[in-house]
Amino acid sequence: MNAITQLQTPDVSSPACLMEIADTTEHMEAVVEGILWSRLRRMKARLQEVLADPRYGTTARAMHQMYQSIGSDRQARVLLSSEFCEQYLCLESARKGRLEAGADEQERAEEQARALGALHDIIAREKSIAELAQGRTGRYLREARQWQLYSPVGDCVAEKDATGVWTLRQLPKLGDCIALDLESPPARHHEPRSGVLSQPCLPLTDAEREHVSRKLAEALAAIDRSEPMYGLLIRNFVRRITVRKSAEVTSDEAGRYGSEHVPRQPGSIRLLNTHNPELLVEACMESIMHESTHNYLAAWELANGFFVANDYQHRVVSPWSGNPIPNSSYIHAVFVYYVCHRLLKRHLEISPGLGEAAKRHVQRRLAVCAAGFLIEQDLSGRLMTKDAINGEVGQMIDQMQAEMKRQYRYGEWQQ
């Protein structure tokens, strides 16, 4: 009798599983699912930690009752929203006294109260939107003074008319599941340390909204064609794309684009000035893939701990930018440039009719992505930390470098 060999699914608690995603192996779907479940369990444990803290008293009990009253799908939406994670981290920082230097006990207490109230509000909003979807207007909405209340994941908004009647409006989505956030309070928020949200917030015209939606949909479709499993990755690890307009197309600032992922807001990415027609679909492809890669790495770290300890005294000189960056950022960068190179190379291979401008752009970006891998030093040897590096992390970094050198036949000319 012939024995049937079963493929062993990689351990998702091991960082080595991340290469299954980067290289889109036959194990990738199982690894993605495993990381998502691990992250969900981690966020549930964080909520339970808050609800069990006796210092939070009646507020925690009210939160628990609301949370238990909504279905499991709604509970998951709360836990996986970037708003929930951000407010939990604010509460944790205040509770452990990790606020900015100089903050006194009163400031910490005020921050705890604010963050706890925000967590309560996130659950209340999800509950009220679930009720409204079933034709009921709950007390939260009846007593709300706002005219609009957005869901925590940003995919719909409850709106009140002049007579006080609430209705639910669905917002644009990419890939049928990613909220395209062009208007919510978080999208209009000013964040001084952000490369995207620190820019002026200008309103998008209806034509610009349509253009942004169409361009990003084309970018995601191009990713699906080039590497379908990367499309799966994006849909699983990105729940919200925030778009900020900061410059008119005719202004001198129109050429300034940007994107970012913020670790405290998992599942969310930000794009800047995507409305400009000069910004190619290929550039949007790379931005989405770039930030989605950060998101899947951050999701693994959220469930399993950071790749390296956050020691900002030790920095690595990036072989891509030449800038000194933290070790954790460096590890992310290696994955990001590897995945983006893999995507863009495949896009070029399957798109014989690509326009000249797009082709030149992709070729230029491929060179940028490859450059950092083609140095003589092992990339793992550049890590600067007082603590030992996880051996699997170092092996992955060097594995990606070896593959890139193989593709470019780097070193053959020296022999």
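Using all Cα-Cα distances in the stretch 36-140, what percent lands in each 5 angstrom bin from 0 up to the longest?
That works out to 2, 12, 22, 23, 18, 12, 7, 3, 1, 0, in percent per bin.
Quick one: angle between helix 356-371 and the longest Cα principal axis of the chain, in degrees between 0 and 90, rounded to 10, please.
80
Could you compute the net charge surrounding residue 29? Neighbours are other residues with a C-beta less than 14 Å from the C-beta of residue 29; K and R count +1, D and E count -1.
Charge balance in the 14 Å sphere: -4.
Quick query: amide H of residue 181 versus all other amide H atoms, modeled in the peptide plane; which residues come in under 5 Å with a sequence gap of 5 or more or a different chain?
Correct list: 241, 242, 243.
When the chain is treated as a GNM, springs tying every alpha-carbon pair under 10 Å, which of 89, 18, 216 comes out with the largest mean-square fluctuation?
89
Can you tell me the accessible area per residue over the chain, all protein chains present, probe 1.4 angstrom, in square angstrom? Intermediate results must be reported in sequence, preceding the final value.
On the way: 20340 Å² over 415 residues.
I get 49 Å² per residue for the chain.
Based on the Cα gyration tensor of the stretch 276-381, what are the three equivalent ellipsoid semi-axes, each the root of five times an eigenvalue, rounded to whole Å and given largest first?
The three semi-axes for the stretch 276-381 are 28, 16, 12 Å.
How large is log10 of I(q)/I(0) for the stretch 33-96 at q = 0.20, 0.27 Å⁻¹ when the intensity is taken from the Debye formula with one equal scatterer per alpha-carbon?
-0.84, -1.35
Test of understanding: in a Gaussian network model of the chain with alpha carbons linked when under 10 Å, which of 58, 137, 24 would top the mean-square fluctuation ranking?
Per the Cα network of the chain with a 10 Å cutoff, 58 tops the list.
What are the ³J(HN,Hα) couplings of the stretch 71-84, residue after residue, when phi is run through the Karplus curve with 6.51, -1.76, 1.60 and θ = phi - 60°? Round to Hz, x for glycine and proline.
So the Karplus estimates, Gly and Pro as x, are x, 4, 5, 5, 4, 5, 4, 5, 5, 8, 6, 5, 4, 4 Hz.
If you keep only loop residues by DSSP, which trypsin sites (Lys or Arg not before Pro) in the stretch 104-157 have at most 13 other Cβ atoms within 10 Å of their Cβ?
136, 145
Along Cα→Cβ, 7 Å out, is where each label goes; now give me the distance between the ones at residue 189 and residue 356 in nm to one decimal.
Computed distance between label sites residue 189 and residue 356 equals 4.5 nm.
Could you calculate the contour length gain from residue 256 to residue 321, that is, 0.36 nm times the residue separation minus the distance between their Cα atoms, to one decimal place in nm? Intermediate values should be presented prior to the final figure.
Working: separation 65, 0.36 × 65 = 23.40 nm, distance 1.78 nm.
Contour length minus Cα-Cα distance gives 21.6 nm.
What size of dipole, in debye to the nearest 20, comes out for the chain about its Cα centre when the only charges are +1 on Lys and Arg C-beta atoms and -1 on Asp and Glu C-beta atoms?
620
Spin-label point model (7 Å from Cα, Cβ direction): what's the residue 41 to residue 392 distance in nm?
If labels sit at residue 41 and residue 392, their model points lie 1.5 nm apart.
In the Gaussian network model of the chain, springs joining C-alpha atoms below 10 Å, which of 405, 96, 173 carries the largest mean-square fluctuation?
Looking only at 405, 96, 173, the biggest GNM fluctuation is shown by 96.
Taking amide H positions as placed in the peptide plane 1.01 Å from N, state which residues far from residue 258 in sequence (5 or more) or on other chains have amide H under 5 Å from it.
Result for residue 258 returns 272.
Specify the angular offset, from 0 to 90 degrees and rounded to the nearest 10, of the alpha carbon long axis of helix 228-237 from the longest principal axis of the alpha carbons in the chain.
Helix 228-237 sits roughly 30 degrees off the main axis of the chain.
In µm²/s, what is D for the stretch 223-354 at 20 °C and 1.002 mPa s, where D = kT/(6 pi eta Rh) by Stokes-Einstein and Rh is the Kirkwood radius from Cα pairs?
Rounded, D is 133 µm²/s.
Pull out a ≥ b ≥ c, the square roots of the eigenvalues of the alpha-carbon gyration tensor of the stretch 167-292, then state rounded if a/c is under 1.5, prolate if not and a/b is larger than b/c, and oblate in the remaining case.
Note, shape of the stretch 167-292 comes out rounded.
The values are calculated or read from the model by the stated rules, or taken from the named source; none is laboratory data. Just so it is clear, the model here is predicted, and its values are computed rather than measured. As a convention, Cβ positions derive from the backbone with ideal geometry for all residues, glycine included, and neighbour counts pool all protein chains shown. To get the accessible areas, we keep the full protein, side chains included, count just its heavy atoms, and leave off ligands, DNA and RNA. Shrake-Rupley method; radii C 1.70, N 1.55, O 1.52, S 1.80 Å.
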